[in-house]
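Read the structure below first, then the notes.
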Amino acid sequence: MKTPVIVACVLVCLVMAAAAADFSKGDRVELVKDVPLYFKEFVSRVGKRGERYVVLAVRPEDHRVFVLGHDDRGHDIALGVAEDAVALVGAPAPAAPVGPAGNAEVADVPALLAGRVSAQARTRAMAMNGGKASSDEAVVRGLRFLVKTQNPDGSWGKGNKSYVAAMTGFSLLSFLGHGETATSPEYGPTVKKTVEWIVEQGTKNQGRLSMEPAFSQAGVYAHAIATFALAEYYSMTKDESVVNLLSTAVAYIVNGQGPDGGWMYAYDKTEGDTSVSGWQIQALKAAHVTGLNLADVDAALDKAMLNLKRVQGPKGGFGYRKKEDRYSLTGVGVYCTYVWKQEKDASVRDGTDFMMEQTKKMYPVEFLHERADLYAWYYNTLACAAMGGAAWQTWNRMFQDEIVKHQDPDGSWPPLKKGAPGGEIQADPEGVGPFYRTTLCVLMLESYYRYTWPAKR
């Protein structure tokens with residue numbers, strides 16, 4: 001009988017103090033004696049023997065372990081404790097709860113998505129990555145705007161089917177990026193209706209999530225964005241009811257890849273287009289993360305990397321369909337090259353350098369500037385957040401406050417100037433324009449916790 005053995009092991013662990021090097025992030029530990037708990041260099045309070053915590057980090061050189069605690073207002077803080085005062089409980093930390101109230105448990109959330117799945121996880125990630133409270137407050141206002149403007153059927157926008165599908169995919173990604181699922185107390189009903197709409201309409205259209213009888217020019221964008229969202233939804237919930245539709249949707253992307261490794265309008269398999277390809281790559285990466293082992297996803301991503309290198313220009317930028325140094329697409333190239341296997345190769349480094357140089361010289365991150373481009377900023381934010389280091393620190397200083405301060409009181413973001421790069425939709429005060437701008441801004445401001453990349457800072 002195994003249970004007594006397990007209990008015995010746990011009891012032994014509790015009475016054995018350990019060196020800091022013996023602990024890992026996520027371990028559950030228990031105080032073996034009464035000791036002071038330090039917040040930064042000040043004593044927060046005295047911890048009592050038997051109190052349990054989750055390890056956030058270790059510092060062997062100082063014989064210190066940092067654990068998740070709370071201040072007198074209930075806010076999350078990191079507390080330092082001497083290594084000989086804690087012992088392993090003998091079990092890993094439980095699965096992180098989803099939603100601001102933490103009322104739902106989701107098992108086996110992939111590590112890449114772990115930073116988003118609870119208020120505590122988001123707070124820790126924001127503290128580590130330079131996020132401000134004002135940024136998450138702006139995200140919440142943006143999500144509430146989406147709740148208020150959702151169509152009764154669960155979609156967003158009206159008119160062109162593929163535009164509606166794209167905005168609905170973007171909106172679902174925005175909720176998921178904040179750790180919200182159908183069980184979340186505030187946003188659950190909204191998420192539930194969104195997923196139901198995607199599944200119902202996608203099934204009616206034989207797995208085409210652009211919700212069209214045949215893929216149009218805009219439809220390939222919409223299909224990839226909605227597929228991306230559905231894959232992340234599955235990874236966070238393990239909802240088996242979406243697997244068949246997701247599998248079919250992913251297959252369209254795999255089969256629509258051209259000989260050069262890129263994707264083109266209507267999946268016509270001619271010369272690959274970097275703008276189209278970027279969303280297909282994000283969708284395939286999300287499909288890979290599900291763990292469903294969907295057919296040929298990894299091979300398609302390998303091939304896609306060859307196409308990105310094909311269009312990289314001499315200065316490190318990326319072009320649409322040939323070698324060019326286009327600022328608007330360099331973030332796409334850098335992020336999508338890195339996102340597959342997190343390899344920081346020469347093309348990624350050169351692209352990042354070009355992107356940052358052009359931002360400073362030609363394309364300032366100013367919302368009301370004539371060259372403002374939310375599309376480019378979305379990818380630049382993802383690229384810099386994934387890369388970390390100086391690029392992220394510089395980009396974060398430029399974009400965070402600028403995005404937050406231009407949010408409208410209703411939670412949406414206003415139109416950019418007419419003629420600004422990135423397409424007319426960014427300047428459209430009506431139609432799908434408000435949803436497009438709001439979701440891109442929300443997704444950018446979620447970058448502190450949306451993905452958990454390997455430490456490179």
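Can you tell which of Val55, Thr181, Trp377 lies farthest toward the positive end of the dipole of the chain, using +1 and -1 charges on the Cβ of basic and acidic side chains (Lys, Arg; Asp, Glu)? The residue sitting farthest along the positive end of the dipole is Trp377. Toward the positive end of the charge dipole of the chain, with +1 on the Cβ of Lys and Arg and -1 on the Cβ of Asp and Glu, the farthest Cα among Asn244, Gly291, Val442 is that of Val442. For Cα pairs less than 8 Å apart in space and 6+ apart in sequence, what is the mean separation divided by the residue count of the chain, i.e. the relative contact order in percent? Averaging sequence separation for qualifying contacts and normalising by length gives 13 percent for the chain. Against the chain, whose longest principal axis is taken from its Cα atoms, helix 119-129 shows a tilt of about 80°.
Charge dipole of the chain (Cα centre as origin; +1 on each Lys and Arg Cβ, -1 on each Asp and Glu Cβ, all else neutral): 320 debye, rounded to the nearest 20.
With runs of 4+ DSSP H residues as the only contributors, calculate the mean residue ellipticity of the chain at 222 nm using -39,500 (n - 2.57) per run, divided by the residue total and rounded to the nearest 500.
Details: 14 runs with 211 residues, N = 457.
Computed ellipticity for the chain at 222 nm equals -15000 deg cm²/dmol.
I'm spelling it out carefully: the read-out is Rg and Dmax of the Cα atoms in Å, the candidates are [x] 23.1, 73; [y] 24.1, 79; [z] 20.9, 65, and one was derived from this structure. Which label? It is the one labelled [x]. Computed 3J(HN,Hα) for the stretch 342-352, one whole-Hz value per residue from the Karplus formula 6.51 cos²θ - 1.76 cosθ + 1.60 where θ = phi - 60°, is 6, 9, 8, 7, 4, 5, 5, 5, 5, x, 5, glycine and proline marked x. A simple spin-label model places pseudo-atoms 7 Å from Cα toward Cβ; at Glu343 and Met362 they are separated by 2.8 nm.
Please report, largest first and rounded to whole Å, the three semi-axes of the ellipsoid equivalent to the stretch 319-383, where each semi-axis is the square root of five times an eigenvalue of the C-alpha gyration tensor.
Values: eigenvalues 83, 29, 23 Å².
Each semi-axis is √(5λ); the values are 20, 12, 11 Å.
Evaluated with a Cβ-only charge set (Lys, Arg +1; Asp, Glu -1), the stretch 188-267 carries a dipole of roughly 120 debye about its Cα centre, given to the nearest 20. Peptide packing: for 49-59, 158-168, 138-148, the average count of neighbouring Cβ atoms within 10 Å per residue gives the ranking 158-168, 138-148, 49-59, highest mean first.
For the stretch 162-248, what is Rg from Cα atoms divided by 2.2 N^0.38 Å, rounded to two decimals? Mind dumping the intermediate values first?
Details: Rg = 12.0 Å, N = 87, 2.2 N^0.38 = 12.0 Å.
Relative to the 2.2 N^0.38 Å estimate, the stretch 162-248 comes out at 1.00.
Each Cα pair under 8 Å and six or more residues apart adds its separation to the average, and for the stretch 120-239 the resulting relative contact order is 25 percent.
To the nearest ten degrees, helix 297-310 and the longest principal axis of the Cα atoms of the chain are 60 degrees apart.
All of the numbers you see were taken from the coordinates with simple rules; none came from a lab. Note that the coordinates shown come from a computational prediction; the quantities given were computed from them, not determined experimentally. We place every Cβ from the backbone using ideal geometry, glycine too, and count neighbours over all the protein chains shown.
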